[in-house]
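Take a look at the following structure, please.
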Amino acid sequence: MERPARPKKKRFNATSVVAIIFVIAFGVLCACLAPATQASATLWSLFPPVMAIGLALITKEVYSSLFIGLLAGAMLVAKFRPLKTMDVMVKDGMITSITAQAGIFLFFILLGTMVALINKAGGSAAFGEWAKTHIKTRVGAMLATFLLGVLIFIDDYFNCLTVGAVMRPVTDSHRISRAKLAYLIDATAAPVCMIAPISSWAAAVASYAQKGQGIRLFCRAIPYNYYSLLTLIFIIALSLMRVDYGPMRRYEMNAIQNGDLYTDGERVEEVETVHNSRGKLIDLILPIVVLIGVCVFSLVYVGGIFEGKSFIDAFSETDAATALPWGTLVALVFTIIYLLCRKVITFKDAMKCLPEGFSSMVAPMLILGLATALKNMTSELNAADFVKDVVSGTAGNFQAFLPALIFIIAAFIAFSTGTSWGTFGILIPIVTAIFAPTDPLYVIGISACLAGAVCGDHCSPISDTTIMSSAGAQCNHLNHVKTQLPYAITVAAVSFVSYIVAGFVKNVYVSLGISIVMMLAVLVAIRFIFGDERHPKSIKEG
């Protein structure tokens, strides 16, 4: 009788040995470059996130991996003093993390409650019936998910959870794996926010530029933001070509052939779709429209639009962690009143949705809390100063290659720390110091910084956007990370070459045209190698 578990065990043991060797090698490298007693602003400052990411990808267990990375960071901050280590880990790590993310945690709970309400009122079921009539193919379902993600360009947090809640029943009905849904959400959330002038991301970028020049600089950088633009092209072409590769291929083929949307890992507890005879499509559309409208208003209100500031200035100074819960709370109250007036739900059932919304978001809140605590440790270790010194020391020798170098460095920082905002906060001042504002490489360098930050954030298991994409799709988090990584790396590779081209050509239209042609050529080659979902050449895991 066959025992399929043994080969997996052998593969896991071999991988574990490689992981141990990697961690030891990294530690030795750190020790060679800096004394063990001085971890701040040295290569040691990147050790905790690198270890957490490595362990998460190997063990496929994210909670313990993040905790171990957090513990390692606290030990380095405390210089290996036991009591001080516990103090740093609990106070500066966990408690500070919960305090910093309290607004986002509240946003999670309120949005989860709205989803439960709409589901209980029959809005989700009504949308599913509508989708069966109007969205008839897998390609249509994927493109509809992409389109909704593009339309919700205000904020990536809002994008991830809203798109997931609305499109999950549709993609499930067309046997699209949860891993693919999570990728579609993640690949539109941050990239579209990074090229939308009216978004919380644009506001954040603008805050790092000279006063009055932020939004203008952001707009000038959009055509050179290759990773964001090529990712959107990549999604459309991948959907139309019906091709997948890497681990995602096995997940998609298993979903198509066997109806298994998960393939590996624990099955997320499904929220049963309620078929309420009184429920209509408007019971889903109206709450979502109100939610979007109120959140736009709350973002500019919190930013100070009623204090004499312009719309753009209000966006640039807003606080999404305050504005999004503000807007979602108003939309939630409206939804409850609306559904009660429609008599599709009772007040008692509406109140039962509050704990249901909370319980559905416990896992992503826990991951986000631990990831934020780990980021706090990298900040305590002054990882930003270390990277700044490295970048400053390499500038000036090969100007044309600097945008490509900036892209790689930004991607590495964002991947290691899980934050794109923090990454361009570190690098934009450096880029503006390297290039003169009149130099064509000035805008290209800014774009490379922004694109690299999005790329690293997109790949990182500890990124809040990645975590929320998993939550929105109700997908195992590490399954999402490993299946989207080959796709992100493919776009990153083309983007890297595009920045080399842009560094020499220095023409926005020619450079963008070349980058799009390269991206499409790579996709055609991939389809030739793997075939499509109707005529696959192989369904082995890539």
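If I go through the stretch 90-104 residue by residue, how many of them are open to solvent by 10 Å² or more (accessible area, probe 1.4 Å) and in contact with a Gly (Cβ under 8 Å, 6 or more places away or on another chain)?
3
Kindly indicate whether residue 115 is open to solvent by 10 Å² or more (accessible area, probe 1.4 Å), in a helix (DSSP H, G or I) and under 20 Å from residue 228 (Cβ atoms).
no
Right, here's the next one. If you go through the stretch 152-193 one residue at a time, how many are more than 21 Å from residue 419 (Cβ to Cβ) and among the hydroxyl-bearing types (Ser, Thr, Tyr)?
4
Report, by residue number, each residue of the stretch 417-442 that is part of a helix (DSSP H, G or I) and modelled with pLDDT of 80 or more.
440, 441, 442
Something else now. Does residue 136 satisfy the criteria of being open to solvent by 20 Å² or more (accessible area, probe 1.4 Å) and modelled with pLDDT of 85 or more?
It is true that residue 136 is open to solvent by 20 Å² or more (accessible area, probe 1.4 Å) and modelled with pLDDT of 85 or more.
Here is a list: 279, 308, 303, 293. Which entry is out of contact with any strand residue (DSSP E or B) (no Cβ under 6 Å at 6 or more places or on another chain), at positive phi and not acidic (Asp, Glu)?
Criteria check complete, one pass: 308.
Next up: Consider residue 345 carefully, then state whether it is touching a Gly at 6+ places or on another chain (Cβ under 9 Å) and not small (Gly, Ala, Ser).
In short, yes.
Sort out for me the helices (runs of 4 or more DSSP H) sitting completely within the stretch 284-395 that have 2 or more residues that are closer than 30 Å to residue 78 by Cβ.
So the answer is 362-380, 383-394.
Turning to a different aspect of this structure: So, in the stretch 318-352, exactly how many residues are within 22 Å of the chain's Cα centre (by Cα) and charged (D, E, K, R)?
So the answer is 1.
What number of residues within the stretch 162-191 are open to solvent by 10 Å² or more (accessible area, probe 1.4 Å) and assigned to a helix (DSSP H, G or I)?
6
Quick check, is residue 147 under 21 Å from the mean Cα position of the chain (by Cα), surrounded by fewer than 24 Cβ atoms within 10 Å (Cβ to Cβ), free of Cβ contacts under 8 Å to residues at least 40 places away in the same chain and part of a helix (DSSP H, G or I)?
Yes; evaluated as a whole, the condition is true for this residue.
Now for a different question. For the stretch 228-253, name all the residues that are out of contact with any Leu (no Cβ under 9 Å at 6 or more places or on another chain) and more than 16 Å from residue 531 (Cα to Cα).
230, 231, 232
For the list (1) in a helix (DSSP H, G or I); (2) open to solvent by less than 10 Å² (accessible area, probe 1.4 Å), I need the number of the one condition that residue 461 fails.
Here residue 461 meets the rest and fails (1).
Suppose we filter 346, 328, 372 for residues that are surrounded by 14 or more Cβ atoms within 10 Å (Cβ to Cβ) and at pLDDT 85 or above; which single one remains?
328
State whether the residues of the stretch 89-98 include one that is among the hydrophobic types (A, V, I, L, M, F, W, C) and more than 15 Å from residue 367 (Cα to Cα).
Taking every residue of the stretch 89-98 in turn, at least one turns out to be among the hydrophobic types (A, V, I, L, M, F, W, C) and more than 15 Å from residue 367 (Cα to Cα).
Turning to a different aspect of this structure: Among the residues of the stretch 174-223 satisfying the criterion of being modelled with pLDDT of 90 or more and among the hydroxyl-bearing types (Ser, Thr, Tyr), which is farthest from residue 453 (Cα to Cα)?
Ranking the candidates gives 177 first.
Could you list, ordered by first residue, the pairs with Cβ atoms under 6 Å in which the first is in the stretch 72-92 and of a type outside the set (Phe, Trp, Tyr) and the second is in a helix (DSSP H, G or I) and open to solvent by 60 Å² or more (accessible area, probe 1.4 Å), at least 6 apart or interchain?
As it stands, the answer is 77/380; 78/84; 85/75, since those pairs meet every condition given.
The values are calculated or read from the model by the stated rules, or taken from the named source; none is laboratory data. These numbers come from a predicted model, not from an experiment. Note that each Cβ is placed from the backbone with ideal geometry, even for glycine, and that neighbours are counted across all protein chains shown. What goes into the accessible areas is simple: the full protein's heavy atoms, side chains included, and nothing from ligands, DNA or RNA. Shrake-Rupley method; radii C 1.70, N 1.55, O 1.52, S 1.80 Å.
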